[in-house]
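One structure is given below, encoded as structure tokens.
The values are calculated or read from the model by the stated rules, or taken from the named source; none is laboratory data. Just so you know, these numbers come straight off a predicted model, no measurement behind them. Ideal geometry is used to build each Cβ from the backbone, glycine not excepted, and the neighbour counts take in all protein chains shown.
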Amino acid sequence: MADRLDRPRGRGRFARRRRSPDRFGRISEGIARFIGTPRFLLYLTVFVLFWIGWNTLAPDHLRFDHWVNGFIALTLMLSLQASYAAPLILLAQNRQDDRDRVSAEQDRQRTERSLADTEYLAREVAALRLAVSETATRDFVRSELRALLEDLRIAEGAAGSDTDEPQGS
């Protein structure tokens, strides 16, 4: 018994492969990018010149689009190419707009974080300035110690003059 019901079925020959939902968009963007290059214009020019040259200079039994009819098949081919190129270009532009929108949102969030960080740092610097202005500096401490020394000397001098008086008068 090859097929067991307690095991999932393996991938068969015709099983669908999982494809990226964005695959068509990436392919169409690639085509749209190629259509906008000088290489594409060169290839299209060579193709049109070859087409016109073949259908003008080749023997009658090898021509498939006569110049007498105005190269109807060539016109049809170019119209078909244009009818596919326009939606592909629009699709690529829409996808680029979506990417730009996401990028702008990320830039906005990054700017908000930077602004919040800057405001926090500004508050911290202000707090440090206040703390530094309340901190006793070396010169302030020295001047206070000098003042205390003077007070002690004056106090000792006053106390010493009380003790220097004759005792037994």
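Points worth noting:
- Look at the range 36-53: where a residue is in contact (Cβ under 8 Å) with a residue 40 or more places away in the chain, no partner that is loosely packed, with under 14 Cβ neighbours inside 10 Å and part of a helix (DSSP H, G or I) sits 6+ places away or on another chain with Cβ atoms under 7 Å.
- Number of the exception - Ser28 against (1) surrounded by 11 or more Cβ atoms within 10 Å (Cβ to Cβ); (2) modelled with pLDDT of 90 or more: (2)
- Condition check for Ser83: closer than 30 Å to Phe40 by Cβ and among the polar types (S, T, N, Q): yes
- For the range 54-81, the set of residues classified as among the aromatic types (Phe, Trp, Tyr) and without any contact (Cβ under 8 Å) to a residue 12 or more places away in the chain consists of Trp54, Phe64, listed by residue number.
- On inspection, Ile72 fails the criterion of being surrounded by 10 or more Cβ atoms within 10 Å (Cβ to Cβ), under 30 Å from Arg23 (Cα atoms) and among the β-branched types (Val, Ile, Thr).
- Filter result for Tyr84 (free of Cβ contacts under 8 Å to residues at least 12 places away in the same chain, among the aromatic types (Phe, Trp, Tyr), farther than 30 Å from Leu49 by Cα and part of a helix (DSSP H, G or I)): no
- Any hit, the range 142-164, residues being free of Cβ contacts under 8 Å to residues at least 40 places away in the same chain and assigned to a loop (DSSP other than H, G, I, E, B): yes
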